[in-house]
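What follows is a set of notes on a single structure, which appears directly below.
The values are calculated or read from the model by the stated rules, or taken from the named source; none is laboratory data. What you see is a predicted model; the values in this text were computed from it and never measured. Counting neighbours? That spans all protein chains shown, and the Cβs are built from the backbone with ideal geometry, glycine included.
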Amino acid sequence: MALDAGLGKRIAGEHRISMLLLGLCPAVAVSVRVIDALWMSAGVFSVALLAALCGALVRRWGRSGEGAAAGATVGKWMGALALSSCLTACFEVVLLAVAPEASASLGIYAPLIAVNCLVLGSAGTGARDSSITRAVLDAAEQGLGFSACLLLIALLRESLGAGTITLFAVDGFNGVIAIPSLARDPARALGASGAGLLCLGYLGASARLLRWRGEGREKELSP
Amino acid sequence: MSWGGIIITFALVDNVILSRLLGVRHSVCMPGSMRAAVGTGISTALLMAVSAVVGWALGTLALVPLGFSFLQTPAFVLAVAGLALLLRQAAARVSPAFVKDVSFPEVAVNCATLGVVLITTRGGYTAGESLVAGSAAGLGYFLVTVMMTAIRERLEVEQVPRALRGLPLHLISAGLLAYAFMAFDRAFLARVLGG
């Protein structure tokens, strides 16, 4: 399935929406600033992609050799955990070298990528799926959906909650865009952790409505 | 910080679910009965307390002295998963019925447990403080899990818009509960401890 053709349909599926919302839960804690959401998205996307690729490669290698015998559930589960945690540790090291401020800003949430259900799902899918391409495309689709949702929530929370949009600092630009009308009297409650959960809940409901509308199921809209 | 301060901070002020947004998936969004929620809450709380001490030992006695700090994430993740398996074995011997109600793989990959280990390790807590902090975080986790299950059971019989039913409504309820928990702030802590 082509990435662009299947993306909307797959992300909008009910199961996908639930998976996405559940995967977003811990990440929403760093959605107070857009730049933190960008780094977190980059982390989850890259780790999920590599976990799917490595999982599929291990599966292929395991089939042709004696590794197929190591198919016990606990072994697979621990293997997926070891894979995702090692890839997350690599991401942490790279992030610390490239952007120490972002590493400090993400704090304990960067290591938690290892147990994100999207990443573990990608590692698991990669291990089950016989096609490497399919496993990688699945992970890419999920990673894109995750990034889009997290950035949307961060944009909403930072712009309304602080009246700013924080991006990368470059020469002569400190990276902070102030929104004049909102910067004076921002809705500071949106910076609280509860706001992240509220945004996530309404995002899930909106995704459902869009899906139903897309499928032409108006009858489901009635209470 | 005093031990009383650590307990109140980890259980209420800096609640692992409502303030840190860790473990929301397992405590807020997992469908199940109150019995299953109590079982999951108890097992996760126990795992948090033990993991905090094991995490301290791993970090302080092994990884940092050997210069392998960059391996903290894999070490902690696998240690927590191993401890969850041990906890399952122990629970199966004590009460087989208890094991049926609790999904131990879900408990093992609960980011709240790993989060507590990371907070205590990075916060420079001692072994005793880590144990107290882990237990208090577990208590807070148990409290919120039971509260959210009760809320969920009440919501199931209410008339709500179809688009909000299920997971979105659970998340919104948790968000509102998080706002309510904001009453437990630093000022509250100072007032309770008389500081």
Considering each of B:LEU22, B:LEU18, B:LEU12 in turn, give the residue that is closer than 30 Å to B:ASP185 by Cβ, at pLDDT 90 or above and touching a Pro at 6+ places or on another chain (Cβ under 7 Å). B:LEU22
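In the range A:168-200, how many residues are in contact (Cβ under 8 Å) with a residue 60 or more places away in the chain and surrounded by 15 or more Cβ atoms within 10 Å (Cβ to Cβ)? Step through it out loud before you land on a result.
Just the residues of the range A:168-200 that are in contact (Cβ under 8 Å) with a residue 60 or more places away in the chain, to begin with: A:168, A:175, A:191, A:193, A:196-197, A:199-200.
From what is left, the residues that are surrounded by 15 or more Cβ atoms within 10 Å (Cβ to Cβ) are A:191, A:193, A:196-197, A:199-200.
Summing the residues that are in contact (Cβ under 8 Å) with a residue 60 or more places away in the chain and surrounded by 15 or more Cβ atoms within 10 Å (Cβ to Cβ) in the range A:168-200 gives 6.
Can you tell which of B:ARG154, B:ARG165 is closer than 19 Å to B:VAL38 by Cβ and without any contact (Cβ under 8 Å) to a residue 40 or more places away in the chain? I'd like the intermediate steps shown before the answer.
Values: B:ARG165 fails: closer than 19 Å to B:VAL38 by Cβ.
Every option except B:ARG154 fails the conditions.
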Could you say which residue among B:THR60, B:THR73, B:THR149 is out of contact with any His (no Cβ under 9 Å at 6 or more places or on another chain), among the hydroxyl-bearing types (Ser, Thr, Tyr) and over 27 Å from A:CYS25 (Cα atoms)? B:THR60
For the range B:92-118, what are the residues that are surrounded by fewer than 21 Cβ atoms within 10 Å (Cβ to Cβ), farther than 24 Å from A:GLY79 by Cβ and out of contact with any Lys or Arg (no Cβ under 8 Å at 6 or more places or on another chain)? B:ARG93, B:VAL94, B:SER95, B:PRO96, B:ALA97, B:PHE98, B:LYS100
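Let's see how each residue does on (1) at pLDDT 90 or above; (2) surrounded by fewer than 20 Cβ atoms within 10 Å (Cβ to Cβ); (3) farther than 19 Å from A:PHE168 by Cα; (4) not charged (D, E, K, R):
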position: A:ALA5; (1), (2), (3), (4): no, yes, yes, yes
position: A:ILE17; (1), (2), (3), (4): no, no, yes, yes
position: A:ARG33; (1), (2), (3), (4): yes, no, no, no
position: A:GLY43; (1), (2), (3), (4): yes, no, no, yes
position: A:LEU49; (1), (2), (3), (4): yes, no, yes, yes
position: A:SER64; (1), (2), (3), (4): no, yes, yes, yes
position: A:ALA70; (1), (2), (3), (4): no, yes, yes, yes
position: A:ALA80; (1), (2), (3), (4): no, no, yes, yes
position: A:GLY107; (1), (2), (3), (4): yes, yes, no, yes
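Condition first: touching a helix residue (DSSP H, G or I) at 6+ places or on another chain (Cβ under 6 Å), within 14 Å of another protein chain (Cβ to nearest Cβ), free of Cβ contacts under 8 Å to residues at least 24 places away in the same chain and not hydrophobic (A, V, I, L, M, F, W, C). Can you find one or more residues in the range B:179-190 that meet it? Write out each step before concluding.
Taking the range B:179-190 and keeping what is touching a helix residue (DSSP H, G or I) at 6+ places or on another chain (Cβ under 6 Å), we get B:179, B:184, B:189.
Checking which are within 14 Å of another protein chain (Cβ to nearest Cβ) leaves us with B:179, B:184.
If we keep only those that are free of Cβ contacts under 8 Å to residues at least 24 places away in the same chain as well, we get B:179.
Next cut, not hydrophobic (A, V, I, L, M, F, W, C) only: B:179.
So far as the range B:179-190 goes, yes, one or more of its residues are touching a helix residue (DSSP H, G or I) at 6+ places or on another chain (Cβ under 6 Å), within 14 Å of another protein chain (Cβ to nearest Cβ), free of Cβ contacts under 8 Å to residues at least 24 places away in the same chain and not hydrophobic (A, V, I, L, M, F, W, C).
Among residues belonging to the range B:119-135 that are crowded, with 24+ Cβ neighbours inside 10 Å and more than 9 Å from the chain's Cα centre (by Cα), point out the one that is farthest from B:LEU46 (Cα to Cα). First the steps, then the outcome.
Step one: list which residues in the range B:119-135 are crowded, with 24+ Cβ neighbours inside 10 Å, which gives B:120, B:130, B:133-134.
The next check asks that each one be more than 9 Å from the chain's Cα centre (by Cα); those that pass are B:120, B:130, B:133.
Working: B:THR120: 16, B:SER130: 13, B:ALA133: 12 Å.
The residue in question is B:THR120.
Please note which helices (runs of 4 or more DSSP H) are completely contained in the range B:70-175 and include at least 2 residues that are more than 9 Å from chain A (Cβ to nearest Cβ) and under 17 Å from B:ASN15 (Cα atoms).
Numbers: elements: B:72-94, B:96-101, B:104-108, B:111-122, B:127-155.
So the answer is B:111-122, B:127-155.
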